[in-house]
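Structure, as structure tokens:
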Amino acid sequence: MMNNFNRRDFMKAGTTLAATTFLASTSLGRMFVAGSDEIKIALVGCGGRGTGATFDAFASGQNIKLVAMADAFQDNLDATYNTLKEKFGDKIDVPDSRKYVGFEGYKAAIKDADVVLLATPPGFRPMHFEEAVKAGKHVFMEKPVAVDIPGVHKVLAAAEEAKRKKLNVVVGLQRRYQTNYREAIKRIQDGAIGDIHSGQVYWNSGGVWVKPRQAGQSEMEYQMRNWYYFNWLCGDHIVEQHVHNIDIANWVKGKYPVSIQGTGSRAHRTDKQYGEIYDNFAVELTYDDGSVIYSQCRHFEGISNRVDETFQGTKGRVYLSAGNQAVLWDARGNEIYRHDPKGNPNAYQQEHKELFEAIANNEYKFDNAEYGAYSTLTGIIGRLACYTGQVIKWDQAMASTIDLSPEKYAWDANPKVLPDANGIYQVAVPGINTELYI
């Protein structure tokens, strides 16, 4: 558990060139054909993020070829294949025999490649990551890496196996690869603003898409098409989206909270089309040194947005944002560092550039899965604290066995959460049915 690690030691490890690894780069055997520098990749999850991840992989500058694709839906796979084929031509070598559709297609796609891009809804991430590691593949996987605590445990176990096998694993928490964050947090770890005693992290925006229910859709298909609104697939937006900012809080602190409490509700996006998730959360992350980071996220249309992070230390403060901003001030308000964004690389591309460069050079450099799992877990505990109205201890949460996944993955099977006769899904009410959540 990171709670007992020295903050500065942890962050120094977190701001190396790899930005994440605690292990020295180590030579490893190539996972691709001897005598060739071609790296074969497979895409598992052919939505917008999967398409984007593939674009970013090709921007790495390495000799990459896409050889397999998998998705639950044929139309998703076809649309992404056509987009990629038009852009990259012969670098997309995916005949029909290596296009895998359905819930089990990921297994075959993983076998065909050297590196796997995992970009399905996050509820599938633990089993897909587990399979990739079992097959001995390097991995890029999108955040978050799970939606419930059994899933977190599965990812952590696979992460240990990946380390043993010296498999590079990068998680799409791209701020870890963004120059302004790296430079600012390097200065924080060197003591520029002292010890962090408080902070605020935000993802306040207008929400995401909805796909109307179609005639003849099974409940499984409807929820899969609208995966963002169901916790077994998404984890709620505090996990799926706000994990970026929560991860920065943990990175800056160099540890994970020991307890979390907060409040949230479904105040604005109340229609049944929004499934079971909340539209706002306000959470306090308490660390073992008594410091508290305030976390806020919401999906309200038509009001001011905010996506950034601020932290206060014993000697100053810092402001950070994904828009390449980073400013540090001393205790008197004097500016001591302002980041210059000129020439900064695209962070989405940078994470792939560093991953594929390590693989091409036979180096083991990246073990992002562990911090990805713990920051995901922080968001999950935040969700549970708000759903139940309870203060949730880290160790208490780690003992939870509540698994959100369906009993069976099939189009004629039902998820665990179903609508009533009016099409309305049960939404968590703090203090009611607490046993359903923790």
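Tell me the residue from Gly235, Gly216, Gly207 that is without any contact (Cβ under 8 Å) to a residue 40 or more places away in the chain and either of a type outside the set (A, V, I, L, M) or part of a loop (DSSP other than H, G, I, E, B) (or both), please. The match here is Gly216. Of the residues contained in segment 165-181, one or more are found to be open to solvent by 30 Å² or more (accessible area, probe 1.4 Å) and hydroxyl-bearing (Ser, Thr, Tyr).
Listed here are the residues, each with its yes/no results for (1) in contact (Cβ under 8 Å) with a residue 40 or more places away in the chain; (2) small (Gly, Ala, Ser); (3) closer than 23 Å to Ala192 by Cβ.
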| position | (1), (2), (3) |
| --- | --- |
| Gly254 | yes, yes, yes |
| Thr263 | yes, no, no |
| Thr270 | no, no, no |
| Val283 | yes, no, no |
| Gly323 | no, yes, yes |
| Lys342 | no, no, yes |
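If you take the residues in segment 285-329 that are assigned to a loop (DSSP other than H, G, I, E, B) and either charged (D, E, K, R) or modelled with pLDDT under 95 (or both), which one is nearest to Ile188 (Cα to Cα)? Looking at the filtered set, the residue picked out is Lys315.
Among the conditions (1) at pLDDT 95 or above; (2) open to solvent by less than 70 Å² (accessible area, probe 1.4 Å); (3) more than 27 Å from Val101 (Cα to Cα), the only one that Asn433 does not satisfy is (1). Only one entry in His138, His128 is touching a Gly at 6+ places or on another chain (Cβ under 9 Å), more than 18 Å from Ser400 (Cβ to Cβ) and in the same structural domain as Ala70 (by the TED database), namely His128. Would you check if Ala157 is of a type in the set (A, V, I, L, M, F, W, C) and open to solvent by less than 10 Å² (accessible area, probe 1.4 Å)? No. Would you be able to say whether some residue in segment 388-409 is open to solvent by 70 Å² or more (accessible area, probe 1.4 Å), not aromatic (Phe, Trp, Tyr) and not assigned by the TED database to the domain that holds Gln273? No, segment 388-409 contains no residue that is open to solvent by 70 Å² or more (accessible area, probe 1.4 Å), not aromatic (Phe, Trp, Tyr) and not assigned by the TED database to the domain that holds Gln273.
The values are calculated or read from the model by the stated rules, or taken from the named source; none is laboratory data. Everything numeric here is computed off the predicted structure, so don't read it as measured data. Cβ coordinates were reconstructed from backbone atoms using ideal geometry, including for glycine residues, and neighbour counts include every protein chain displayed. Note: areas computed on protein heavy atoms with side chains; ligands, DNA, RNA excluded. Shrake-Rupley method; radii C 1.70, N 1.55, O 1.52, S 1.80 Å.
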